Amino acid sequence: MGTVIAVTSGKGGTGKTSITGGVAASLALMGHTVLCIDMDIGLRNLDITLGLSDRALMDFSDVALGRCPLARGAVDHPDVKGLSLLTAPMSLSPSLTIDKVRAMLDTARGQYDYILIDSPAGLGAGFRLAICGADRALVIATNDASSLRDAQRTVCELESIRQVHLIMNRIQPKLLRKLRATIDDAMNTAGLPLIGVVPEDDQVMLAANLGQPLTAQGRRGAALACWNIALRLDGNQVPIMRIR
């Protein structure tokens, strides 16, 4: 049975979608079957991050509401074997209930090794829908006070999930030194164990603009950090990247 991982953040602008795409592509390159589900309803940028822009005809609500099977709704990546995407609808249907989303995720568990959910930022109805069937959660934060405080609030909504980890994203070493802040401080503020540190990296935007997954830019910087996070999710012990 596959593992459902919700990727969350307390606020926008943390790079949550880029992390989702980078980790998902890394898991697929390791030989796993991976389904990305974009549950950021209305924004739906995960297709751009994965290089699958405008390829999807169906969205996850079509699958959850029984309008099409999962195999037809999911779009397979042409370049990354084992990676598929189920995109988000433009609006949230009142018929889309937690029970129906859970049933869809149960089906996905039987077909994929990993299911990564790109959840909406904040703590609204869309967030609750995105986390309802998760086995694990990743909370994405940047190293600023407001992001970490929002991460704290997010953690309080994830009490039903067994394993919750923190990813510090867009880390700039010069700023860390100037603020005299450390990753340990961030962990203490968010109240979570750390599973990854991702540096600020221009390659993230470049990959999206080229319509490629981050992994296509080579295994360095943010792409290497996402690869290491994927290894840890898969049960491997890998040192946390040092940001210099």
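The values are calculated or read from the model by the stated rules, or taken from the named source; none is laboratory data. Note that the structure is a prediction, hence the values are computed from the model and not measured. Methodologically, a virtual Cβ is constructed for each residue, glycine included, from the backbone with ideal geometry; neighbour enumeration extends over all protein chains shown.
Of note:
- Any pair with Cβ under 7 angstrom, 6 or more apart, that starts in the range 71-83 at a residue that is over 15 Å from LEU27 (Cβ atoms) and ends at one that is among the basic types (Lys, Arg) and surrounded by 12 or more Cβ atoms within 10 Å (Cβ to Cβ): VAL75/ARG55
- Contacts under 7 angstrom Cβ, first residue in the range 116-132 being touching a residue at least 12 places away in the same chain (Cβ under 8 Å) and buried (at least 21 other Cβ atoms within 10 Å of the Cβ), partner charged (D, E, K, R) and in a helix (DSSP H, G or I), 6 or more apart: ASP118/LYS16; ALA121/LYS16
- Matching residues in the range 201-244 - criterion: being farther than 19 Å from THR17 by Cβ and small (Gly, Ala, Ser): GLY218, GLY235
- The range 217-244 - residue that is basic (Lys, Arg) and more than 16 Å from ALA28 (Cα to Cα) and, of those, nearest to the chain's Cα centre (by Cα): ARG220
- Some residue of the range 170-188 being among the basic types (Lys, Arg), surrounded by 18 or more Cβ atoms within 10 Å (Cβ to Cβ) and more than 19 Å from MET39 (Cα to Cα): yes
- Sole residue being hydrophobic (A, V, I, L, M, F, W, C) and closer than 26 Å to ASP201 by Cα, chosen from ILE98, ILE41, ILE37: ILE37
- Any chance LEU206 is out of contact with any strand residue (DSSP E or B) (no Cβ under 6 Å at 6 or more places or on another chain) and under 30 Å from SER84 (Cβ atoms): yes
- Once the range 205-238 is narrowed to residues that are without any contact (Cβ under 8 Å) to a residue 60 or more places away in the chain, assigned to a helix (DSSP H, G or I) and among the polar types (S, T, N, Q), the residue that is nearest to LEU50 (Cα to Cα) is ASN209.
- Reported count of residues in the range 73-97, each being among the aliphatic types (A, V, I, L, M), surrounded by 14 or more Cβ atoms within 10 Å (Cβ to Cβ) and more than 19 Å from ILE19 (Cα to Cα), is 4.
- Verdict on LEU46 being crowded, with 24+ Cβ neighbours inside 10 Å, touching a His at 6+ places or on another chain (Cβ under 9 Å) and either under 23 Å from ARG170 (Cβ atoms) or modelled with pLDDT of 95 or more (or both): no
- Hits in the range 52-72 (condition: assigned to a loop (DSSP other than H, G, I, E, B) and either crowded, with 23+ Cβ neighbours inside 10 Å or in contact with a Ser or Thr (Cβ under 7 Å, 6 or more places away or on another chain) (or both)): LEU52, ALA56, LEU65
- When SER53, SER95 are checked against the criterion of being in contact with an Asp or Glu (Cβ under 7 Å, 6 or more places away or on another chain) and modelled with pLDDT under 95, SER53 stands alone in meeting it.
- Those helices (runs of 4 or more DSSP H) of the range 95-204 in which at least 2 residues are basic (Lys, Arg), considering only elements entirely within it, cover 98-109, 145-156, 173-179.
- Tally of residues being closer than 16 Å to VAL80 by Cβ, in contact with a Pro (Cβ under 8 Å, 6 or more places away or on another chain) and not hydroxyl-bearing (Ser, Thr, Tyr) across the range 25-52: 3
- Just one of the listed residues (LEU158, LEU214, LEU166, LEU192) is of a type in the set (A, V, I, L, M), more than 30 Å from HIS77 (Cα to Cα) and buried (at least 22 other Cβ atoms within 10 Å of the Cβ), and it is LEU192.
- Test for ASP135: is it surrounded by fewer than 20 Cβ atoms within 10 Å (Cβ to Cβ), touching a strand residue (DSSP E or B) at 6+ places or on another chain (Cβ under 9 Å) and closer than 16 Å to THR20 by Cα: yes
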